[in-house]
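> Got a structure here, written out as structure tokens. Questions coming.
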Amino acid sequence: MDEVRSVGTGKARGVPTHGAAKAWGGIDLGGTKIEAVIIDETGKPIGHARHPTPVQGKPEEVVREMYGTLEEAAVTAGLSSRRLEGVGVGAPGAVDARAGTLARVSNVGRGWTEPYPMASDLSNLVHGRVVLGNDVQVAVVAEYRLGAGRPYRSVLGVWWG
């Protein structure tokens, strides 16, 4: 696993901090909303935020809104997004996880057809590692590791929409 840089104090006025405990961020990019969650070492959600997805925005604007949503979720957890061990993003469309790019997104922004370096752009904002995955695949893995699938050796996830 790549080294994650941690910068900043992470202290928000009036919000309890979680000290040196490790935390991770997750973002669900959808056509109508961007939802971010912060989880602790046990997988327990400790922060959450939800913002509308920019409907007219270019990819850069969508990434900035994703960062804003993540930062708000981190503040509710008593952290800064810069203190996160890493961030996972689930996005619709054609995801190249190795390159960290997203393309052919029909329900986000306008005309988003060409591969866009979403993971690196978001990584520059949070100053840490960002991993991009297809939203359905990410949801199935999260349910397997953190949700109803925990006690099982394998799970099957089915999404339709």
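The values are calculated or read from the model by the stated rules, or taken from the named source; none is laboratory data. From a predicted model like this one, the values you see are computed outputs, not experimental measurements. As a convention, Cβ positions derive from the backbone with ideal geometry for all residues, glycine included, and neighbour counts pool all protein chains shown. In case anyone asks, the SASA skips ligands and DNA or RNA and just uses the protein heavy atoms, side chains included. Shrake-Rupley method; radii C 1.70, N 1.55, O 1.52, S 1.80 Å.
> Going by amide H atoms built from the backbone, whose H comes under 5 Å of the H on Val131, apart from near neighbours?
Those lying under 5 Å, H to H, from Val131 are Val87, Gly88, Val89.
> Expressed in nm to one decimal, what extension gain is obtained for the pair Glu85 and His127 from 0.36 nm per residue of sequence separation less their Cα-Cα distance?
14.1 nm
> HN-Hα J couplings of the stretch 24-30 from phi, Karplus 6.51/-1.76/1.60, θ = phi - 60°, integer Hz, Gly and Pro as x?
In residue order, the calculated couplings are 10, x, x, 10, 10, 8, x Hz.
> What 222 nm value per residue comes from the helices of the chain, counting each DSSP H run with n ≥ 4 as -39,500 (n - 2.57) and dividing by all residues, nearest 500 deg cm²/dmol?
That calculation yields -7500 deg cm²/dmol at 222 nm.
> On average, how much accessible surface per residue is there in the stretch 24-146, in Å², for a 1.4 Å probe, leaving out ligands, DNA and RNA?
The answer is 48 Å² per residue.
> Between beta-carbons, use under 12 Å as the cut-off and find the net charge around Gly90, counting Lys and Arg +1, Asp and Glu -1. Each step should come with its number before you reach the end.
On the way: positive: none; negative: Asp28, Glu35, Asp135, Glu143.
Value of the local net charge: -4.
> Residues with amide H under 5 Å of Leu79's amide H, sequence separation 5 or more or different chain, H placed in the peptide plane at 1.01 Å from N; which?
For Leu79, whose amide H was placed from the backbone, there are no distant partners under 5 Å.
> Leaving out ligands, DNA and RNA, what percent of the accessible area of the stretch 45-161 is carbon and sulfur, probe 1.4 Å?
The value for the stretch 45-161 is 53 percent carbon and sulfur by accessible area.
> A follow-up question, please. Under unit Cβ charges (Lys, Arg +1; Asp, Glu -1), what dipole magnitude, rounded to 20 debye, does the chain have relative to its Cα centre?
About 280 debye.
> I want the local charge near Arg50. Using Cβ-Cβ distances under 12 Å, sum +1 for each Lys or Arg and -1 for each Asp or Glu among the other residues.
Working: positive: Lys33; negative: Asp28, Glu35, Glu65, Glu72.
After counting each charged neighbour, the total is -3.
> Shifting gears a bit: Note the listed values (1) 41, 23, 12; (2) 24, 20, 14; (3) 26, 19, 13, then indicate which one is semi-axes √(5λ) of the Cα gyration tensor in Å calculated from this particular structure.
Computed from the coordinates, semi-axes √(5λ) of the Cα gyration tensor in Å corresponds to (2).
> Then there is this: Taking only C-alpha pairs under 8 Å that are 6+ residues apart, what is the relative contact order of the stretch 24-146 in percent?
26 percent
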